[in-house]
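Heads up, the thing below is written out as structure tokens.
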Amino acid sequence: MITPNIPEAEVISQMNIGTKEEMVLAAKKNPTFRSEKNVVVKGGHHLDGDNSSDVILLESGAIEWVSSKRINTKKNTHGTGCTFSACIAAELAKGMDVLTAVTTAKHFIQAAIEDGIQVGHGNGPTNHWAYRKVEQSERI
């Protein structure tokens, strides 16, 4: 699986990506992407609208979208891509299917950005404990 954000996908696909349709086109047309079984083009850099939407091109050729509310922050975004892909890998290792793994990772990173940790100067890290807090509050 490959999980580029829009700027990375633009470099790999050698095309500008400004719309959801172009996100899909980049995932479908590029041989570098298609050498992978599944492609997730992350839409956090796509600044159109109130949502951050990621497109998933599954090995079967099916297209799926996962979206979350856009969080307008520059403070707690350090490590979002690494956290997102690590969460997908962990969910796949637990036996989840690709769509469930990516959806869980989307919820995980959403919580981690919303409840970021402010340390030092500049962009702070995401809060890897936030998702557990959300899960616990939903059980109450």
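The values are calculated or read from the model by the stated rules, or taken from the named source; none is laboratory data. Treat the numbers as computed from the prediction; the structure is a model and nothing was measured. The protein model used for the area step is the full one, side chains on, heavy atoms only, and it has no ligands, DNA or RNA in it. Shrake-Rupley method; radii C 1.70, N 1.55, O 1.52, S 1.80 Å.
Some points to look at:
- Mean sequence separation of contacting Cα pairs (under 8 Å, at least six apart), scaled by the length of region 51-105, corresponds to a relative contact order of 28 percent.
- Aspartates and glutamates with Cα under 18 Å of Lys42, excluding same-chain neighbours fewer than 8 positions away: Glu8, Glu10, Glu21, Glu22, Asp50, Asp54, Glu59, Glu64, Glu91, Glu114
- Region 1-125: C-alpha gyration tensor shape, a/c 1.5 cut-off, then a/b vs b/c: oblate
- Among Val41, Val55, Val119: highest mean-square fluctuation, GNM of the chain, C-alpha pairs under 10 Å: Val119
- A 1.4 Å probe, protein heavy atoms only, puts the accessible area of Cys87 near 20 Å².
- Rounded to the nearest 10 Å², the accessible area of Ser53 at probe 1.4 Å: 10
- Accessible surface of the chain, 1.4 Å probe, proportion on carbon and sulfur as whole %: 52
- Along region 79-87 the Karplus relation, 6.51 cos²θ - 1.76 cosθ + 1.60 evaluated at θ = phi - 60°, assigns HN-Hα couplings of x, 4, x, 5, 5, 4, 5, 5, 5 Hz to successive residues, with x for each Gly and Pro.
- Phe108 exposes around 40 Å² of accessible area when a 1.4 Å probe is run over every protein chain in place.
- For His78, residues with placed amide H under 5 Å, excluding near neighbours: Gly124, Thr126
- Heavy-atom surface of the chain, accessible at 1.4 Å and reported per residue (Å²): 58
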